[in-house]
Amino acid sequence: MNKLTGKLDNPLANKSTQELIIEGAGCASCVGKIELALKSIPDVDNAEMNFALRTVLVTGQVSVDLLIKAIETIGYNAKSANEASDDELLDEKEIADQKYYIRLMRQMWVALGLGVPLMIYSLAGGPMTVDTTLERGVWLFIGLLCAAIMYFAGKHFYVGAWKSFTNHTANMDTLIALGTGTAWIYSMVVVFFPMALPEMARHVYFEATAMIIGLINLGLALEVKARGRTSDAIKRLIGLQAKTARVVRDKKEIDIAIEQVLLNDIVRVRPGEKIPVDGMVTQGHTSIDESMLTGEPMPVEKFEEDEVVAGTLNKSGSILFKATRVGKDTALAQIINMVKRAQNSKPPIGRLADIISAYFVPVIMITAIVSALVWLNFGPDPALAFAVVSATTVLIIACPCALGLATPMSVMVGVGKAAEAGVLIRNGEALQTASKITAMILDKTGTITEGAPKVTDIVIADNNYTEEYILTVASSIESGSEHPLAQAIVDSTIEKGIDPENVTDFHAIAGHGVEAVFNDHKLLFGNQKLMLKYGVALNGFVAQAQQLAKEAKTPMYLAIDKKLAAIIAVSDPIKSDSIEAIKRLQANGIRVVMLTGDNRATANAVAKKVGITEVFAEVLPEDKANKVAELQAQGEIVGMTGDGINDAPALALANVGFAIGTGTDVAIESADITLMRGSLHGLADAIAVSKATLRNIKQNLFGAFIYNVAGVPFAAGVLYPFFGLLLNPVIAGAAMAFSSLTVVSNANRLRFFKPQDH
Amino acid sequence: MMIINLIGLALIALIVWWFWLYKPEKAVDSSIESITIVVNNGVYQPSRIKVAAGKKTTLHFFRKDGSPCAATVIFPNVEVSEELPLEINKSVELPPMPSGEYPFHCPMKMYTGTLIVE
Ligand SMILES: [Cu+2]
């Protein structure tokens, strides 16, 4: 877990610019006072206040607390703009969203307050025409009322449309403003100059204007509500952070806010409490539930010098630990950051919607004009009224906001869903590619297996020796070696309470093993080649060694005074759930290939155990990437999973690189997806989530497109010559609001997706 | 009728020119003045910003629009995306970039802007 930070390094960690928000600065003369107060602090290089925003930008290596104190002494309040905790930001966001929601709902009611009665009147057969002077008067009054509603409930559309127009861009505001504006202006022309129009065209559309503004505000309000639910994953991650920490200062334990924990503080955590910051246990022993971060259900035992991670739950014992990462540097804070970033990055499929929306609005404006012209030239009477209705309807129904929502909404849910399962997805592109993987390469050591070899068998060949003596000799000779198998032997002897002793004349013989002298005995420890080289008789033990190799164990011969003493077998145990996870991958039609630098016999034995038929064995580290390229040349979309430094090039080259979170920083940095728990189930989960997300995005794009693509010709009046049907602009407004709603609720449906199908 | 048709065609030509063919040339230079980009009413203001190539840049955003879309700004080319709190100045740090034009936008691309790196 702690290794995660390697790639998530905060680029802002050493920033020398700080921003403060000033409260209580009422006039421009305060600016000079505040700037002066800040500049008089020795280490401040510069302080510049933006009076309009009430913020001040300070450069220099000074702590925020000092700056705030300086401002407080001259009578203002200040708080840091950058250091606001995620929690606070989230609260603020929720309050802001709530305010916005209430405003939209109010605007909706105002607009529908006029629109609905008018529409009922028109549906009930009430004449919407202007013929008599009385009718002119009444409609003029309603027209002005409608204008007031456009101002109070729809001002944001018109201002937005105008602003973006002057910026040479067009957006959904443009369409709404044009649509409702056209309907209103036409209706006012009818009211003022009814005589200039043919009798049949003297129809007003005030109800359309009011209804559309009301419905679109409703759509936006519902979207705000639904969006709040979508970011649940982030909220849950942020919720993992403890609020306070109990630190030891001046030999006393005090409770302080988590933001105030400093690096190297000694922190006390009692049973049932959350770990507040990242650190290293200095005293005590406990078991910690890390499932909220990794999805791994089993609690993890922690002893002195073990790492603990912020956000995880202390189950049993009371421990003291030294804070090694605090604030925004903790693994949890960085995971939150990474998930946020990934949620906002778009997969390639989303760019389709982008390209469309960039051209869409102007194209729709042109379509509306063309449609109006066609009606004017070829339409039946009243051509002008038909032209206005069709143009208005085209503009309203074509609004591309649902299109713009389609991808980001699903990605937000999908990435969050993956994070809940302990899978960190780097960006939208990785999410999309993962859904298309056809072949998965698994590195053996540390990925399929634990990566920590253990002594499994000791076969005594010479009955003069006890097992204990053999282990003492073996560990004594191996304690000088850095080979991972040697480490396994040393570890298992220490576990049994045996201490290695000193050896002399130690030599490593490359590709064979080692030789040394121990208590005047000549020792040889290594493979069969080493024994043959020194003429050690192996008698019947070769068959035993081969048997061990078939069980995926690595046999090593120990000879004392050139006589075979024992065979010690070492093996790297397979992770308990590797077999099941690999089955899940294969069940998804993915070709699973094992890659290892180990010898063929061991590799084949492991592969057989886990159910993999394709094995690349004895692959040199520098050739791992070549194997990825080899599969890619066969037309496979290749996923590569590894944990070591030597896997990095292959991880980078693969279409999707998966790093085991317990592995090295380099591997994580080269990968697109990080599995926070060691289990390979993360792979199958990642692929399942990405598939579900992609499916969801496609549904969304379809849902959004259908309203636009099918709606536009319908709105332009294509059906009219055949069925005499022309879409009502109000229906178009409702359809538009519904298209956003469809997309948002479909994306929310993804929240109930369960990646684990066992 | 002829005149109306001509007006319609002229409008179409105008739309094409205004939204697609028109190339804005003026950009605000961030090295000369400190810029705060105001996010409101569907536009970033200013929306064309000149920044120095190969150097870290800090941009300040100030969001006034409550709509959820405006709440996030994305710089897709450098994989930066930041939440913009409502009515609070927010600084966004960008890594050094080689010269060229880089778009930035909100998730729905309702708000769009361009960084001119030179
Ligand atoms: Cu819309």
**Request:** Using a/c under 1.5 as the rounded threshold, could you call the stretch A:571-655 rounded, prolate or oblate? The axes a ≥ b ≥ c are square roots of the C-alpha gyration tensor eigenvalues, and prolate needs a/b larger than b/c, oblate otherwise.
**Result:** oblate
**Request:** Please list, in chain and number order, the residues 5+ apart from A:L595 or on another chain whose amide H is under 5 Å from its amide H, with Hs placed from the backbone.
**Result:** A:L442, A:D443, A:K444, A:F616
**Request:** Give the residue from A:L57, A:I149, A:I574 lying farthest towards the positive end of the charge dipole for chain A; charges sit on Cβ (+1 for Lys and Arg, -1 for Asp and Glu) and the dipole is referred to the Cα centre.
**Result:** A:I149
**Prompt:** Based on the alpha-carbon gyration tensor of the stretch A:256-398, what equivalent-ellipsoid semi-axes (square roots of 5 times the eigenvalues) come out, in whole Å, largest first?
**Reply:** 65, 14, 13
**Message:** For chain B, what does the relative contact order come out to in percent, with C-alpha contacts under 8 Å and a separation of six or more?
**Reply:** 25 percent
**Request:** Compute the acute angle (0 to 90°) between the alpha-carbon long axis of helix B:2-16 and the principal axis of greatest extent of the alpha-carbon atoms of chain B; round to the nearest 10°.
**Result:** 20 degrees
**Item:** For A:S80, distant residues with modelled amide H under 5 Å away
**Value:** A:I21
**Asked** Dipole size in debye (nearest 20) for the protein assembly as shown around its Cα centre, Lys and Arg Cβ +1, Asp and Glu Cβ -1?
**Response** 2500 debye
**Request:** Return one number: the angle in degrees, 0 to 90 and rounded to the nearest 10, between the long axis of the Cα atoms of helix A:86-123 and the longest principal axis of the Cα atoms of chain A.
**Result:** 30 degrees
**Prompt:** Using modelled amide H (1.01 Å from N, peptide plane; none on Pro or chain starts), what sits under 5 Å from the amide H of B:T112, excluding residues fewer than 5 places away?
**Reply:** B:Y44
**Request:** Under a cut-off of 20 Å between alpha-carbon atoms, report the lysines in cross-link reach of A:K417, not counting same-chain residues fewer than 8 places apart.
**Result:** A:K225, A:K235, A:K340, A:K346, A:K436, A:K691, A:K698, A:K754
**Anisotropy class of the stretch A:377-465 from Cα gyration tensor, a/c 1.5 cut** = prolate
**Request:** Would you mind estimating how fast the stretch A:154-242 diffuses translationally, via Stokes-Einstein at 25 °C and 0.890 mPa s with the Kirkwood radius over Cα pairs, in µm²/s?
**Result:** 153 µm²/s
**Asked** What is the magnitude of the charge dipole of the stretch A:212-332 about its Cα centre, with +1 placed on the Cβ of each Lys and Arg, -1 on the Cβ of each Asp and Glu, and no other charges, expressed in debye to the nearest 20?
**Response** 540 debye
**Asked** Other chains' Cβ within 10 Å of A:165-177 residues: what's the mean?
**Response** 5
**Request:** Would you mind checking the tilt of helix A:578-587 against the longest principal axis of the Cα atoms of chain A, expressed as 0 to 90 degrees and rounded to 10?
**Result:** 40 degrees
**Request:** Could you grab the relative contact order for the stretch A:230-361? Cα pairs under 8 Å, six or more apart, rounded to a whole percent.
**Result:** 26 percent
**Prompt:** Each residue of the stretch A:621-636 in turn: what ³J(HN,Hα) in whole Hz from Karplus with 6.51, -1.76, 1.60 and θ = phi - 60°, glycine and Pro shown as x?
**Reply:** x, 6, 9, 4, 4, 4, 5, 4, 4, 4, 5, 5, 5, 7, x, 8
**Message:** Taking the beta-carbon count within 10 Å as an exposure proxy, list B:Y22, A:Y469 from fewest neighbours to most.
**Reply:** B:Y22, A:Y469
**Average partner coverage of A:406-418, which counts Cβ from other chains inside 10 Å** = 1
**Item:** Size of charge dipole - the stretch A:334-441 - debye, nearest 20, with Cβ of Lys, Arg +1 and Asp, Glu -1, no other charges
**Value:** 520 debye
**Request:** Rounded to whole Hz and in sequence order, give me ³J(HN,Hα) for the stretch A:612-617 from the Karplus expression 6.51 cos²θ - 1.76 cosθ + 1.60, θ = phi - 60°, writing x for Gly and Pro.
**Result:** 9, 9, 9, 10, 9, 9
**Coil-residue trypsin sites (Lys or Arg not before Pro) of the stretch A:501-576, DSSP, other Cβ within 10 Å capped at 14** = A:K562
**the stretch B:90-107 - phi-based ³J(HN,Hα) in whole Hz, Karplus 6.51/-1.76/1.60, Gly and Pro as x** = 10, 9, 10, 9, 10, x, x, 10, x, 5, x, 10, 10, x, 9, 6, 8, x
**Request:** Could you please rank A:E622, A:E223, placing first whichever residue has the fewest other Cβ atoms within 10 Å of its Cβ?
**Result:** A:E622, A:E223
**Request:** Quickly estimate the mean residue ellipticity at 222 nm for chain A, helices only: each DSSP H run with n ≥ 4 gives -39500 (n - 2.57), and the total goes over all residues, rounded to 500.
**Result:** -16000 deg cm²/dmol
**Prompt:** Once you average over the residues of B:4-13, how many Cβ atoms of partner chains fall within 10 Å of each Cβ?
**Reply:** 4
**Message:** Quick check on the exposure proxy: order A:S410, A:S476 from fewest to most C-beta atoms within 10 angstrom.
**Reply:** A:S476, A:S410
**Request:** Output the peptides A:304-316, A:244-256 sorted from most to least packed, where packing is the average of other Cβ atoms within 10 Å over each peptide's residues.
**Result:** A:304-316, A:244-256
**Asked** In whole Å, what three semi-axes, largest first, describe the equivalent ellipsoid of the protein assembly as shown built from its Cα gyration tensor (square root of 5 times each eigenvalue)?
**Response** 66, 34, 22
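Since every read-out is calculated from the coordinates, none of them should be taken as a lab result. Values in this document were obtained by computation on a predicted structure and should not be read as measured data. FYI the Cβ positions are ideal-geometry reconstructions off the backbone, even for glycines, and counts take in every protein chain you see.
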